[in-house]
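The values are calculated or read from the model by the stated rules, or taken from the named source; none is laboratory data. Fair warning: this is a prediction, and the values are worked out from it, not measured in the lab. Here the Cβ positions follow ideal geometry from the backbone for every residue, glycine too, while neighbour counts run over all protein chains shown. The protein model used for the area step is the full one, side chains on, heavy atoms only, and it has no ligands, DNA or RNA in it. Shrake-Rupley method; radii C 1.70, N 1.55, O 1.52, S 1.80 Å.
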Amino acid sequence: MTSVPNADLTLTSSEGLVWYKSSEAAERGFCSICGGNLFWRPHGEDRTAITAGTLDAPTRITLIEHIFVADKSDYYEINDDLPKKNHWS
């Protein structure tokens with residue numbers, strides 16, 4: 001997932017986009033046509049997280065850290081020197 005300031009987020013179309021308050025902390029943006037999970041937006045913050053798999057290539061996204069590494073499955077290997085965290089902070 002990647003995050004962007006709301007002012008920098010430009011949608012080519014918002015057809016089918018529906019926002020759902022998923023918790024007291026955030027809301028999620030879904031496509032009401034296909035059901036795809038597109039966005040996550042924390043309340044009180046000026047940013048929107050974008051599900052990286054929904055972006056067309058080239059994304060120019062780079063990894064900055066690994067999170068939830070204590071919960072990763074045995075088939076997943078982390079072979080780089082990026083920071084590794086057991087939780088999201």
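Tabulated values for the structure
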{"quantity": "All positions within segment 29-40 that are open to solvent by less than 60 Å² (accessible area, probe 1.4 Å) and more than 18 Å from Asp8 (Cβ to Cβ)", "calculated": "Cys31, Gly35, Gly36"}
{"quantity": "Restricting segment 5-19 to residues that are surrounded by 10 or more Cβ atoms within 10 Å (Cβ to Cβ) and more than 15 Å from the chain's Cα centre (by Cα), the residue that is nearest to Ile50 (Cα to Cα)", "calculated": "Leu11"}
{"quantity": "Single unsatisfied condition, Ala26 versus (1) over 21 Å from Trp88 (Cβ atoms); (2) surrounded by 12 or more Cβ atoms within 10 Å (Cβ to Cβ); (3) of a type in the set (Gly, Ala, Ser)", "calculated": "(1)"}
{"quantity": "Pick from segment 17-37, criterion modelled with pLDDT under 95 and touching a Ser or Thr at 6+ places or on another chain (Cβ under 8 Å), ranking: farthest from Glu65 (Cα to Cα)", "calculated": "Gly36"}
{"quantity": "In segment 41-89, the residues that are open to solvent by 60 Å² or more (accessible area, probe 1.4 Å), part of a loop (DSSP other than H, G, I, E, B), of a type in the set (Asp, Glu) and over 27 Å from Leu9 (Cα atoms)", "calculated": "Asp74, Glu77, Asp81"}
{"quantity": "Some residue of segment 68-76 being among the charged types (D, E, K, R) and under 17 Å from the mean Cα position of the chain (by Cα)", "calculated": "no"}
